[in-house]
Amino acid sequence: MHKPGDVVLGGLFKAHYTSAFPELSFTSEPNQLTCQGFDTTEFRHAMTMAFAIDEINKNSHLLPNVTLGYSLYDNCGTLVIGFSAALLLASGQEEQFLLQEKCLGTPPVLGIVGDSRSTSSIATADVIGLFNLPIVSYFATCSCLSDRRRFPTFFRTIPSDAFQVRAMIKILKHFGWTWAGLLVSDDDYGLHVARTFQSDLAQSGGGCLAYSEILPWGEDPAEVKRIVEIMKKSTARVVIVFAYHSHMIQLMEEVVRQNVTGLQWMASEAWSAAAVLQTPRLMPYLSGTLGIAIRRGEIPGLRDFLSRIRPDIHISSSSNNYGHSMVMQFWEYTFQCRFAPPPAGWMEAGGELCTGQEDLESGGAEFLDVSDLRPEYNVYKAVYALAYALDDLLQCKPGRGPFSGHSCATLQTLEPWKLMHYLEKVNFTTSFGDQVSFDENGDALPIYDVMNWLWLPDGRTKVQNVGLVKKLASKDEELTLDDDKIFWNFDSKQSPLSVCSESWVPERNTKKAIMGCSITKT
């Protein structure tokens, strides 16, 4: 989806789960790729970026006389497609040039919002850094991305996993849980967490891991069964999971099959608010879950913007009609209808013919639900961070600039690395009251909500906020919990006991403290 402007910002979002394409080629055009499994929530993330840019363009105080545009790509949840899109954004979409004229097609962007997954962000930031192009992720949390030497142009509006790990350990210590199991995804996100968690837990003297297992990608029932059997036999009652909801779906199928109850689940931000897991079949096992969640925010006007989305008014000006196809895919998925003829290269939908005038208020309840904006709030902050950086750049006084000869940048001579200079120093407060700035590693001010899953007597589920964890000026972490609000899924209705033995004390400064649990009579 493209919208022209004086300055164009790029966006990488996962509107589809998977993809199938004829060959692993970075030269394939987006409309030659077949993306399947439409993700309404992720599409809302992309539309939040469109909304933020629309809102900034209407703001007479921020970037006056400058129009922002956007170029949004669907990465289909696949590294090769997202990587290809990032290169197109950085270098321009067209290879055809005209003498005495500007390049044809959408111009290269000056900053990118995305990607969501850590592995994709690592690959993208590695290469985008060569263009000196700033990239601001809203969901990639791997602590490895804080390496400024490797990723000099990478920023993010979500805290690093290094902070999330310390927040988890704070919760463990708060409840006296000194014996826990750890499950992680088999990617950069999970594997970095596994290393950090074991090290930080040992150094804190707060306990030990009963087991540490890697959840497989794709279908591997034998491996999932083996992991659940380990959990079932372990005396650890607390299970910490740093993985995605797709991993949890596979894991919970086996947990239900083996009827493994009596566990206290702790969720990372990747699945702590996953509605797909809050089903009557799974809640007997998952209710009471405690999770670290992205800071919730409010974005006034977003719902009204989303409700006005229509295929007929979002037609792309580009010749391949790709932007229109993305909205059409959303429409077909939402109303289970199809347009005739279907967009080239996309999986044909079934059902009745779409008119484009279907009632989104009645059929798009999930898409229009803005009651719990978390990734969207990070997208919103990322767009505004780039906008404020650009605004600061354009307010530079000639002769007082930060560049060669105290010069300033102008729209006519604007280069991405100059925008990055200002992005590093950006500092603003959202309308919701949250401060946005980046530290020397490009990381946002760390703050997370602590969530708890309730299973109500009438069968409904609710995810409630029971606390907050944030980084103080002293660089220590502060955990605030309302213990009286927490729902415990145990007969006692109290916090479970999860220790090696009732007489367990941690053994400090030894290999045993890292590798296992030391039992000492006291």
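For the stretch 212-269, the share of accessible area belonging to carbon and sulfur comes to 54 percent (1.4 Å probe, ligands and nucleic acids excluded).
Given a Förster radius of 25 Å and the C-beta distance between Q36 and L456 as r, what FRET efficiency does 1/(1 + (r/R0)^6) yield to the nearest 0.05?
Values: r = 35 Å, r/R0 = 1.39.
About 0.10, to the nearest 0.05.
Once both labels are positioned 7 Å from their Cα atoms along Cα-to-Cβ, the gap between F403 and N259 label points is 7.0 nm.
Give the relative contact order (percent, whole number) for the stretch 137-246; include only Cα pairs under 8 Å separated by 6+ residues. Provide the component values of the computation, followed by the final result.
Numbers: 141 pairs, mean separation 32.5, N = 110.
Relative CO of the stretch 137-246 lands at 30 percent.
With a simple spin-label model that places each label point 7 Å from the Cα along the Cα-to-Cβ direction, the separation between K425 and K485 comes to 3.9 nm.
On a full-extension model of 0.36 nm per residue, what is the gain between L472 and S91, subtracting their alpha-carbon distance, rounded to one decimal in nm? Provide the component values of the computation, followed by the final result.
Details: separation 381, 0.36 × 381 = 137.16 nm, distance 4.02 nm.
Difference between extended and current length: 133.1 nm.
Taking 26 Å as the cut-off for C-alpha to C-alpha distance, list the pairs among K233/K485; K173/K493; K14/K173; K225/K493; K14/K381 that go past it. As for pairs spanning more than 26 Å Cα to Cα, those are K233/K485; K14/K173; K225/K493.
Translational diffusion coefficient, Stokes-Einstein: compute it for the stretch 110-175 using the Kirkwood radius over C-alpha pairs as Rh, at 20 °C and 1.002 mPa s, and state it as an integer in µm² s⁻¹.
Working: Rh = 12.3 Å.
Approximately 174 µm²/s, per Stokes-Einstein.
A simple spin-label model places the labels of Y17 and T67 4.0 nm from each other, with each point 7 Å out along Cα-to-Cβ.
The values are calculated or read from the model by the stated rules, or taken from the named source; none is laboratory data. This one's a predicted model, so the numbers in the text were calculated from it and none came from an experiment. Cβ: placed from backbone, ideal geometry, glycine included. Neighbour counts: every protein chain shown. Side chains are part of the model used for accessible areas, which takes the heavy atoms of the whole protein and leaves out ligands, DNA and RNA. Shrake-Rupley method; radii C 1.70, N 1.55, O 1.52, S 1.80 Å.
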